[in-house]
Amino acid sequence: MTAAYPNLRLRRTRASAWSRALHRETVLTPADLIWPLFVTEGTSVEEPIGSLPGVSRWSVDGIARRAKEAATLGIPCIALFPNTQADRRSDDGAEALNPDNLMCRAIRAVKDACGSDIGVLTDVALDPYTSHGQDGLLDNDGYVVNDDTVAVLVDQAINQAEAGADVIAPSDMMDGRVRAIRMALEMNGHPNVQIMAYAAKYASAFYGPFRDAVGSGGLLKGDKKSYQMDPANAEEALREVALDIAEGADSVMVKPGLPYLDIVRRVKERFEVPVFAYQVSGEYAMIEAAAAAGAGDRDALVLETLMAFKRAGCSGVLTYHAAHAARLLNG
Ligand code: PBG
């Protein structure tokens, strides 16, 4: 027989702080966070990003300092994104394959500064390197071609792994890229480099500030709907995840985050695989805007949203609030 009021009073266990602590079902710690960082050229450079208040691009020396700070805060992993100089962007994004590009220099600087104290996750996609802002190679009609793009992404991934990347995160949404990258990592002596696949990545309006941060926003013509997913689709997300697991992904990501927690939940229930979510730039900006407008307490909004990711089933969250949240959690 199921208990009912008044034998059952659910408020009983909520009545005091000790009891709430005892009955808490989900924990959020700094170890659940991945901190995305934007790299730019120069030395001792910090460039604030207008559409991401509180977030800056850092030159390589600054990135190494941020990485050390992350390790000290208990954040296990950072994610790097380059703001490639305009004159190094091209139609084919060849700068992605340069072993001395901004990304590779940043990876090496972080590894020199922190060694194995922190993981370095690197994004695989061509948008920070192309003059047109798309994630891959274009045909004459401006369509992003799949297989030729995958061939370049494989070289980009190997370039990052050679520089010391720990986790390769393909965010391009081409078909077959995870398998191709996994095979290349095996053949090039990187069997322990992980792949976190951006498996269910949606064509979202929440990426605007990110595109400002990597300097691709002004260049992008059209949209990314021929490769990123339709926000209307959930079954398709499960197929994407199944495919990426079969192709050799160690973990999968859902992106954006908060508006897609239903996808996180369904992936978690269907597959035995670590699931991550990316609380993307537009989500960060919304929280900051709400706090600035007096519509909510910033710290509380940050911690509540991050807890929601954990409750939905995430192993961890990529968030621009990582350092701030870690400081709050560390007390
Ligand atoms: C690159 C990439 C994007 C993001 C992460 N990797 C932008 C895009 O696909 O246009 C977005 C992250 C964010 O908004 O914070 N392919």
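Please treat every number below as a calculation from the coordinates, not as lab data. Model, not experiment: these values are computed from the prediction. Cβ placement follows ideal geometry from the backbone for every residue including glycine, while neighbour counts extend to all protein chains displayed.
Give segment 169-192 a look and list any residue that's more than 13 Å from the ligand (Cβ to nearest atom) and within 17 Å of the chain's Cα centre (by Cα), or say none. Reasoning before the result, please.
Filtering segment 169-192 for residues more than 13 Å from the ligand (Cβ to nearest atom) gives 175-176, 178-192.
Of everything in segment 169-192, just one residue is more than 13 Å from the ligand (Cβ to nearest atom) and within 17 Å of the chain's Cα centre (by Cα), namely VAL178.
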- Note on the structure: Among strands (runs of 3 or more DSSP E) entirely inside segment 212-329, those with 2 or more residues being more than 26 Å from LEU137 (Cα to Cα) and either in contact (Cβ under 8 Å) with a residue 60 or more places away in the chain or touching a helix residue (DSSP H, G or I) at 6+ places or on another chain (Cβ under 9 Å) (or both) are 275-279, 316-319
- Message: Condition first: without any contact (Cβ under 8 Å) to a residue 40 or more places away in the chain, among the hydroxyl-bearing types (Ser, Thr, Tyr) and out of contact with any Gly (no Cβ under 8 Å at 6 or more places or on another chain). Can you find one or more residues in segment 82-105 that meet it?
- Response: no
- Filtering segment 223-250 down to residues that are polar (S, T, N, Q) and within 16 Å of the ligand (Cβ to nearest atom), which residue is surrounded by the most Cβ atoms within 10 Å (Cβ to Cβ)? GLN228
- Query: Inside segment 73-92, can you point out the residues that are closer than 17 Å to VAL214 by Cβ and of a type outside the set (Asp, Glu)?
  - Reply: ILE78, ALA79, LEU80, PHE81, PRO82, ASN83, THR84, GLN85, ALA86, ARG88, ARG89, SER90
- Filtered residue count, segment 258-281, keeping only those that are crowded, with 21+ Cβ neighbours inside 10 Å and within 15 Å of the ligand (Cβ to nearest atom): 7
